[in-house]
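The values are calculated or read from the model by the stated rules, or taken from the named source; none is laboratory data. Computed from a predicted model, the values in this text were never measured in an experiment. Cβ placement follows ideal geometry from the backbone for every residue including glycine, while neighbour counts extend to all protein chains displayed. In case anyone asks, the SASA skips ligands and DNA or RNA and just uses the protein heavy atoms, side chains included. Shrake-Rupley method; radii C 1.70, N 1.55, O 1.52, S 1.80 Å.
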Amino acid sequence: MSELWDKDHPVLQLLRRRRESESKPGSRGPGDNAKLGLAVEGGGMRGVVSAAMLACLGDRGFVHAFDSVYGCSSGAVNAAYFLTADNLWYPASIYYEDLASNEFLSYWRAVTGRSMLDLDFAYNTVVGSVKPLDYGKVLASPAGLTIGITLVDRLVTLPAAGFRSEQDLRSALVASAWLPLAVRGTGEYRGERAIDGGILTALPFHLAVADGCTHVLSLSTKPMSPVRSAVTPATRYAAWYLNRLKQGLGDGYLRAAQQKEQDRWQFLRTRLEPGAGGPYVLDLSPLPGSPEIRRAELNPHRLLNAARSAYAVSYAAVEGHSSDAVADGRIRALPRLAIVERDYEADHARFIDHFPARDAVRQQPGQAPGPS
């Protein structure tokens with residue numbers, strides 16, 4: 001396999017300098033005027049890939065290297081966990097330990113007219129109690145978090161930031177994860193109908209560039225394989241469904257899918273030839289030929305293997321190793337065992353104190369109720 005990234009890419013050089021200097025957002029060293037963004041893709045259960053890459057960045061001492069963090073869908077909640085700087089294999093394990101179950105994802109519910117994904121289970125039970133996200137730490141992080149949310153009636157991507165409270169942050173995360181077709185109706189954010197942030201902006205590095213980042217590390221969840229046509233029968237069906245939610249929404253989704261195809265071709269070049277003048281974007285994703293995780297993957301073994309592979313790619317890139325070292329097995333990631341003792345009843349009680357009301361669900365005429 002030929003080399004897949006420039007080991008001295010400007011984004012990697014900046015990351016390493018900041019780790020060495022131990023600088024933090026808002027207090028960079030002399031001459032460091034760059035704005036380094038971290039863009040985290042989701043994609044349902046494919047989020048295990050970007051979660052594992054974030055775990056590696058945390059383990060290798062890069063949490064404070066970023067000035068701003070951006071995410072959509074499951075990538076947004078991954079990004080939120082990252083900003084807490086806690087044990088980052090812990091949130092990555094959510095995918096293969098907690099969400100790979102019929103309690104979260106059930107095709108039978110879809111057959112019977114209900115939501116295939118149960119977001120209440122994901123955000124009330126798992127993120128709320130079983131493996132709680134410290135919303136306060138996210139809000140207190142010196143690196144800002146921006147969550148991409150699709151506003152249905154305005155046909156725009158809202159880069160939600162500057163959250164007013166823990167409830168506001170949680171509402172943004174839930175809205176960004178509201179995957180059409182898999183979850184009935186729409187979510188709501190600040191009084192507006194809202195769904196998955198990736199519908200109109202497929203890759204969140206666009207949010208980082210629009211926010212003035214001079215350097216962006218993009219974490220994508222599909223392999224670096226040759227890019228397939230973006231307009232598949234499934235894509236066209238999703239566009240038809242979205243146009244039923246709001247005329248023009250499906251058309252925007254098709255444009256975003258085509259833009260993503262162009263972006264992925266561009267990544268093939270900019271990994272090796274970053275160019276001059278910036279903004280510099282380095283995208284990391286699983287190696288060519290890696291099994292692609294489906295949005296609705298339920299096999300814990302596949303999810304764990306995807307996490308291991310993604311961790312190894314992230315490690316090799318940030319530490320200056322070649323992609324060949326991962327491909328031929330010289331660099332391998334192994335899962336770690338750890339003891340976590342929690343008082344789940346107390347955690348759940350604290351969660352209810354913070355978030356006493358469920359998120360509002362807006363239904364379209366003739367649609368079945370959302371998750372309960």
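Here is how the numbers come out for the structure above:
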| item | result |
| --- | --- |
| Per-region count, the stretch 280-291, residues at pLDDT 95 or above and either open to solvent by 70 Å² or more (accessible area, probe 1.4 Å) or aliphatic (A, V, I, L, M) (or both) | 4 |
| Matching option when the condition is in contact with a helix residue (DSSP H, G or I) (Cβ under 6 Å, 6 or more places away or on another chain) and modelled with pLDDT under 95, among Ala276, Ala230, Ala234 | Ala230 |
| Among residues of the stretch 117-138, those that are in contact with a Ser or Thr (Cβ under 8 Å, 6 or more places away or on another chain) and in a helix (DSSP H, G or I), counted | 3 |
| Residue check, Ser225 touching a residue at least 24 places away in the same chain (Cβ under 8 Å), surrounded by 19 or more Cβ atoms within 10 Å (Cβ to Cβ) and closer than 21 Å to Val48 by Cα | no |
| Test: residue in the stretch 196-213 that is within 13 Å of the chain's Cα centre (by Cα), assigned to a loop (DSSP other than H, G, I, E, B) and β-branched (Val, Ile, Thr) | yes |
| Which numbered condition Val216 fails, given (1) open to solvent by 10 Å² or more (accessible area, probe 1.4 Å); (2) over 24 Å from Ser171 (Cα atoms) | (1) |
| Residue in the stretch 321-344 that is modelled with the lowest pLDDT, counting only those that are among the β-branched types (Val, Ile, Thr) and out of contact with any Leu (no Cβ under 9 Å at 6 or more places or on another chain) | Val340 |
| Count of the stretch 110-120 residues which are under 18 Å from Ala177 (Cα atoms) and surrounded by fewer than 20 Cβ atoms within 10 Å (Cβ to Cβ) | 4 |
| Test: Tyr95 is assigned to a helix (DSSP H, G or I) and either under 13 Å from Arg170 (Cβ atoms) or open to solvent by less than 20 Å² (accessible area, probe 1.4 Å) (or both) | yes |
| Pairs, first within 9 Å of Pro300 (Cα to Cα) in the stretch 83-100, second outside any helix (DSSP H, G or I) and open to solvent by 40 Å² or more (accessible area, probe 1.4 Å), C-beta under 8 Å, six or more apart | Ala100/Leu298; Ala100/Asn299 |
| Selection status of Tyr70, in a helix (DSSP H, G or I) and crowded, with 18+ Cβ neighbours inside 10 Å | no |
| Residue in the stretch 41-58 that is surrounded by fewer than 24 Cβ atoms within 10 Å (Cβ to Cβ), assigned to a loop (DSSP other than H, G, I, E, B) and in contact with a strand residue (DSSP E or B) (Cβ under 8 Å, 6 or more places away or on another chain) present | no |
| Residue check for Val11: open to solvent by less than 10 Å² (accessible area, probe 1.4 Å) and assigned to a helix (DSSP H, G or I) | yes |
| Inter-residue pairs, beta-carbon under 9 Å, first open to solvent by 40 Å² or more (accessible area, probe 1.4 Å) and in the stretch 232-244, second modelled with pLDDT of 95 or more, 6+ apart | Arg236/Gly250; Arg236/Leu254; Trp240/Gly250; Arg244/Gly250 |
| Failed item, numbered, when Tyr90 is tested on (1) open to solvent by 20 Å² or more (accessible area, probe 1.4 Å); (2) over 28 Å from Asp251 (Cβ atoms); (3) at pLDDT 95 or above; (4) within 17 Å of the chain's Cα centre (by Cα) | (3) |
| Ala306 modelled with pLDDT of 95 or more and either farther than 30 Å from Ser165 by Cα or surrounded by 17 or more Cβ atoms within 10 Å (Cβ to Cβ) (or both) | yes |
| Any chance Leu254 is farther than 28 Å from Leu4 by Cβ, buried (at least 20 other Cβ atoms within 10 Å of the Cβ) and of a type in the set (A, V, I, L, M) | no |
| Residue in the stretch 150-205 that is surrounded by the most Cβ atoms within 10 Å (Cβ to Cβ), counting only those that are in contact with a helix residue (DSSP H, G or I) (Cβ under 7 Å, 6 or more places away or on another chain) and small (Gly, Ala, Ser) | Gly197 |
| Yes/no for Ser218 being under 21 Å from Arg46 (Cα atoms), among the hydroxyl-bearing types (Ser, Thr, Tyr) and assigned to a loop (DSSP other than H, G, I, E, B) | no |
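Rundown of residues vs (1) open to solvent by 10 Å² or more (accessible area, probe 1.4 Å); (2) outside any helix (DSSP H, G or I); (3) more than 17 Å from Leu207 (Cβ to Cβ); (4) in contact with a Lys or Arg (Cβ under 6 Å, 6 or more places away or on another chain), yes/no style:
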position	(1), (2), (3), (4)
Arg17	yes, no, yes, no
Glu20	yes, no, yes, no
Gly37	no, yes, no, no
Phe82	no, no, no, no
Asp86	yes, yes, yes, no
